[in-house]
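A short write-up of the structure that comes next.
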Amino acid sequence: MVSTVLLDTLQDPSKEINGLYSGQNPDEFITTVEQHFKQLLSPHDAFYQIPPLSSSHPPIAHRQRGLVRFEAMVQDTSASPEVYLGIMENGSHGGWGIYEHTIRPTDSDTDEPTLDYNQLRERSSVWAVTIPSQTKWSEDEFNGTDFPTPTQHNEYTCPRKYKNPSSDSSAFGVSLKLYQTDLSLKPGEVKTFVGILDEEDLASEVEEDEVQKLPVIHVVFTLDVASTTAAFDLKALRDTLPDDISITRQELLQWIADEGLGGDTVAAEWVLLLSLSKVQSRTPPMLPLSMTLAAFVDPVDKEAEEPTIVPILRQLLSAVSFMPLSLERLNKTFFLPTSVDEDVHAGFLQQSIGSCVIVSESGIKEGKVTEKGLRNLDALQSAIATQTISYVFPYSSYAFPVDLMFLVLTRGRKSAFVKTELVIPLQSTLPPDQLARVLYKQEGNIRLPEESRLKAFRNYLKTSRELKVSLSNEVGKYIEDEFVRRRQESTSTTSSEDLAREMTIAKLLSASRHESELTKETWKAAVEMDQQRQMATK
């Protein structure tokens, strides 16, 4: 049962704001509004009564000046601040689009309203986009059960499509109007923005005299994504899993191997560890694993460009981007966000935190890589190696951190274009033609587990990814002694980089087993996995 106060606020948030204002300092009033709306709408049940703005519920599906929640990635923060009238002639507050909505011209309007320049205030304007390559189940989870995906899709043409990193036709962007002066957003951040949906005029990019409607959200408050995800109570998620987590783990490995990797459970386990990988620390650098699956045969049907592993991972992870390399993509598209005519165009590598980026080399044919293509390859290599991407401006560039999982698929023994930390040769017993048909299935031909098992797999991955693995003094001393022994006995030098890689693998393996403390047994298993991987590549 929705309360009357909540219902009134959802339908007419401007009236709620006007009711709160009684001559306070207009700058302090911004905090009052933020706290009031957050207190009213943050509780779980109330939050999921707010209509979602998403790919399945685009701006045209909503009533103007109503309240919405928008889970989005910040794409561009370079716009100049805007001014608005803080206090209007009638004494009411003019923020959150109230002033603009009040003075919108009608056919009978002839005079401009009087403007008191002493009452002008500043607000920030930031461009945010639907989360690039967000998977359907993840979006449905955000939308909530009260707002299912419509059976008939709302066709929506997004203005300024060049600002969308995703090639998905349903992706769109929104201009966020921010009134909180202490809110500092960075490109690539993912937040949930709650505010009043509106629109403003934008000159058409095609027809000079045509005016497009640009979607706008006047933000009343923001939340971190983790705090708004219905299923992100880790303890509650763990309670949904069996006591013996190895059963779920093994079932997941077998499904990935059988449906997407030609039965190779070793490669499937490496893909599992990759899917748990994330930035642990910038200083010292403890970055996500990057991985190349070698001997990944090309499709028999040249039209089957998307490998089966892509839709499989989309069933498991919240955001998966597929990047088929080709000369045309390398030479003609932006991999990095780039300023063009004083507006930042999105680049493909502008992905949200925790996204899995799958790069396929099967589309590369003989030809020339241009200077732009070489810069794109450098950008891809830098993102893999340093977990940073640059925002390119005419006379400068600025690096921003990312947190992405990279999986490269190549037919050769290693990638010809980028270097990853690990190379895993695909080892299947299937003949090449049959293997190709498994590696490049039509999505409708993939055998999916029951929905309850899929949900268990997702919960298992979420809890494993967030598990913090500690290292006791005893095990730490054991690892140190083993490292010294191996250096003394090995004919080839075991380096500190090898130790760091093994430690990363061991912690991911421990997390995948739901072990909160790294054991000697798991350490030995991780070292053995890495050694067998290296032997297989020789």
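The chymotrypsin sites (Phe, Trp or Tyr not before Pro) found in the range 395-468 that occupy coil by DSSP, while having at most 13 further C-beta atoms within 10 Å, are Tyr395.
Dividing the summed -39500 (n - 2.57) terms of all DSSP H runs of n ≥ 4 by the residue count of the chain sets its mean residue ellipticity at 222 nm at -10500 deg cm²/dmol. Solvent-accessible surface of the range 444-538, averaged per residue with a 1.4 angstrom probe and all protein chains in place: 57 square angstrom. Using the 1.4 Å probe convention, the accessible area of the range 304-426 works out to 42 Å² per residue with neighbouring protein chains retained.
Tally up the carbon and sulfur contribution to the accessible surface of the chain as a whole percent, 1.4 Å probe, everything protein left in place. Display every interim value, and only then the final one.
Values: 13080 of 26430 Å².
Roughly 50 percent of what the probe reaches on the chain is carbon or sulfur.
The heavy atoms of Phe147 present about 50 square angstrom of accessible area, all protein chains included, probe 1.4 Å. Compute, for the range 25-157, the length of the dipole vector about the Cα centre, with Cβ point charges of +1 (Lys, Arg) and -1 (Asp, Glu) only. Units Debye, rounded to 20. Around 360 debye, computed over the range 25-157. A 1.4 Å probe run over the protein chains yields, for the range 34-143, 47 Å² of accessible area per residue, whole-number rounding.
Taking a sphere under 14 Å around the Cβ of Thr308 and counting the other residues whose Cβ falls inside, with K and R at +1 and D and E at -1, yields a net charge of -4. For the range 109-168, the residue among Gln152, Leu120, Asn164 whose Cα projects farthest onto the positive side of the dipole built from Cβ charges is Asn164.
So which chymotrypsin sites (Phe, Trp or Tyr not before Pro) in the range 248-330 pass both tests, a DSSP loop state and at most 16 other Cβ atoms within 10 Å of the Cβ? Please list the in-between numbers first.
On the way: sites: Trp255, Trp270, Phe296, Phe322; in loops: Phe296.
Filter output for the range 248-330: empty list.
Farthest toward the dipole's positive end in the range 422-527, which of Leu439, Val484, Ser452, given Cβ charges of +1 (Lys, Arg) and -1 (Asp, Glu) about the Cα centre? After comparing all options, I get Ser452. Scanning the chain for DSSP H helices at least 20 Å long along the axis (C-alpha atoms) with a Kyte-Doolittle mean no lower than -0.5 picks out 26-41, 245-260, 371-386, 496-512. Measuring only protein heavy atoms, the 1.4 Å probe finds Asp433 accessible over about 100 Å². Dipole magnitude for the chain: computed about the Cα centre from +1 point charges on Lys and Arg Cβ and -1 point charges on Asp and Glu Cβ, it is near 2320 debye.
Give, in whole angstrom and from largest to smallest, the semi-axes √(5λ) of the equivalent ellipsoid of the range 8-161, with λ running over the eigenvalues of the Cα gyration tensor.
On the way: eigenvalues 189, 75, 53 Å².
Equivalent ellipsoid semi-axes, largest first: 31, 19, 16 Å.
Rounded, prolate or oblate: which fits the range 352-418, taking a ≥ b ≥ c as square roots of the Cα gyration tensor eigenvalues, rounded meaning a/c under 1.5, else prolate when a/b beats b/c?
Working: a/c = 2.71, a/b = 1.27, b/c = 2.14.
The shape class here is oblate.
Taking GluC sites (Glu not before Pro) across the range 438-495, the ones in a DSSP loop with at most 11 further Cβ atoms lying within 10 angstrom of their Cβ are Glu450.
The values are calculated or read from the model by the stated rules, or taken from the named source; none is laboratory data. This structure is a prediction, so every number in the text was calculated from the model and none was measured. A quick note on method: Cβ atoms are made from the backbone with ideal geometry, for glycine too, and the neighbour counts reach across all protein chains shown. With ligands, DNA and RNA removed, areas are computed over all heavy atoms of the protein, side chains included. Shrake-Rupley method; radii C 1.70, N 1.55, O 1.52, S 1.80 Å.
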